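Written below as structure tokens is the structure these notes are about.
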Amino acid sequence: MDKIIIKGGKPLHGTIQISGAKNAALPLLAATLLVPGWHTLHNFPDLRDTRTTLKLLASLGVLWEKIGENSIRINSENLKNIEASYDLVKTMRASVLVLGPLLARQGRARVSLPGGCAIGARPINFHLLGFEKMGAKLELLDGYVDAHVPGKLHGANIYFDVPSVTGTENILMAAVLAEGTTIIKNAAREPEVGNLIDMLNEMGGHIEGRGSDTLTVQGVETLHPAEMRIIPDRIETGTYMIAVGAAGGDVTLTNCSPNHLPSLFEKLHSVGLSVEGNGSSIRIRRTGGLQNVDIKTLPYPGFPTDLQAQIMALMTLTEGVSMINETIFENRFMHVAELRRMGAQIKTDGRTAIVNGAGSLTGAKVMATDLRASASLVIAALAAEGTTEISRIYHLERGYDNLVGKLSSLGADICQVKE
Ligand code: EPU
């Protein structure tokens, strides 16, 4: 297993390009199951999770090939299987995204039920309830959801108790080919959902309400293959923005969408950083001291839970007290214990963390526990005095395309070695 070694204290300078969004690429790949023929995705990120999804699609009979550096063609003409096995789902929960398109096209799907994960129980009851309302019969057998549709899926009124990103995406993919109208209320408004809606509409689907919490889907008889550009990864963007805050410096991020990070911009201004968004680029500079801010994670456009761990690392470097409230997942403070090993003073009580800014951190041996917790440790290490060794970095590889290369090019003293 590899580990990352970072010697902290070097400010970051230069320009890096942001990759396509992991959480947009995964549903867009699943959507290619809806109709045979060659679909093309541009700005496709090279990540462990996108590779796992391609492996899953290949196990269903899907063909794919890379075309050019960041584009890929996918064809589900020879679909021969309807099962997402435990081995794949246990490594990536987003595998459940094949349920909706398989039910819509094949009328059958068998998907291993994802268990809990490092950040919480993460049930998929909203997905399943939605499919049932649309006429699917579901059985839970041997840890698998066995779903079939007598006849055809039909439209339904679906309400989510809380907005679910992959829940909204799964129902959308089922509803595009259903008979009649599906209305999803309290739908997720994340930009990744918008990217999927654009892809489904490009395929001939009829979805209205993009960007709002009510989505109306008029089912259609047939779809056709589509070509789509994956939106820039707003969480990768935010991670580098916070990294500049922690390490200091002056960095320009290109191929990104400043509009997709309204809450982070607001918070980083309050922290005292200079942040300028301009079209598809962001310039971020640290010009003085860091102010503490309070954070509450919320569904989009609120502060993303996927940036909570990273901003916590930044808050340890201020000299004030910050309160961080995690409202989306019940166990997303796994990074706290590791940050404490680097000198951070953080107390947690349930879903609230109180960060007593110590002004500085020191290098240590730490362990990554999930994707975003790992990113938080990288940020802490870039700012820390001395050397930090981060092990179990396969988590990082799930969601950050060429992290070590990108940070090196900005002047960080970082390398990846075999453990
Ligand atoms: N929820 C339920 N029942 C459901 C579905 C969700 O109770 O059937 C609850 C969850 O437990 C959670 C809340 O609803 O409390 C929101 O969860 P959501 O369903 O939106 O999460 P997700 O779709 O499983 C996606 C991202 C996550 C990101 C969350 C929240 C993908 C592939 N994953 O997960 O990304 O944290 O939305 O924004 O899109 C990551 O990239 O590191 C990551 C974990």
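The values are calculated or read from the model by the stated rules, or taken from the named source; none is laboratory data. All of these numbers come straight from a predicted model, not from anything done at the bench. All accessible areas refer to the heavy atoms of the entire protein, side chains included, with ligands and DNA or RNA removed. Shrake-Rupley method; radii C 1.70, N 1.55, O 1.52, S 1.80 Å.
Here are a few things to note about the model shown:
- Acute angle (nearest 10 degrees) that the helix 262-271 long axis makes with the longest principal axis of the chain, alpha-carbon atoms: 10
- Of Lys66/Lys406; Lys137/Lys185; Lys267/Lys406; Lys55/Lys80; Lys133/Lys185; Lys267/Lys365, pairs whose Cα-Cα distance is over 18 Å: Lys66/Lys406; Lys137/Lys185; Lys267/Lys406; Lys267/Lys365
- DSSP bridge orientation in the stretch 182-304 - percent antiparallel, rounded to nearest 5: 95
- Under 5 Å from the amide H of Ser164 lie the amide H atoms of Ala188, each residue being 5 or more positions distant or on a separate chain, with H modelled from the backbone and absent for Pro and chain starts.
- Heavy-atom accessible surface of the chain: percent carbon and sulfur, 1.4 Å: 48
- Per-bin percent of Cα-Cα distances, the stretch 327-419 [10 Å]: 16, 48, 30, 6
- Interchain or long-range residues, amide H under 5 Å from Lys10's placed H: Asp413
- Fraction of beta bridges assigned by DSSP in the chain that are antiparallel (%, nearest 5): 70
- The string of couplings for the stretch 306-315 from the Karplus curve (6.51, -1.76, 1.60, θ = phi - 60°) is 6, 10, 5, 5, 5, 5, 5, 4, 5, 5 Hz, one whole number per residue in order, with x for Gly and Pro.
- Tensor-based shape of the stretch 22-229 (alpha-carbon gyration tensor, a/c under 1.5 rounded, otherwise prolate or oblate): rounded
- Only DSSP H runs of four or more residues enter the estimate; each adds -39500 (n - 2.57), and after division by the residues of the chain the mean residue ellipticity at 222 nm equals -9000 deg cm²/dmol.
- Around the amide H of Glu330, modelled in the peptide plane, lie the amide H atoms of Ala121, all under 5 Å away and 5 or more residues distant in sequence or on another chain.
- Couplings for the stretch 219-228, taken from phi via the Karplus curve 6.51 cos²θ - 1.76 cosθ + 1.60 with θ = phi - 60°, read x, 10, 6, 9, 10, 9, x, 9, 10, 8 Hz in order; Gly and Pro are left as x.
- Most mobile of Gly155, Gly272, Gly130 in a GNM of the chain (Cα contacts under 10 Å): Gly272
- The stretch 57-211 - percent relative contact order, Cα under 8 Å, separation 6 or more: 17
- Working note: Karplus 6.51/-1.76/1.60 with θ = phi - 60° gives the stretch 146-161 the couplings 9, 10, 9, 10, x, x, 10, 4, 10, x, 7, 9, 10, 10, 9, 4 Hz, where Gly and Pro are set to x.
- In the context of the full protein assembly, Trp38 retains an accessible surface of approximately 90 Å², using a probe radius of 1.4 Å and ignoring ligands and nucleic acids.
- Considering only alpha-carbon pairs that sit under 8 angstrom and 6 or more positions apart, the relative contact order computed for the chain is 21 percent.
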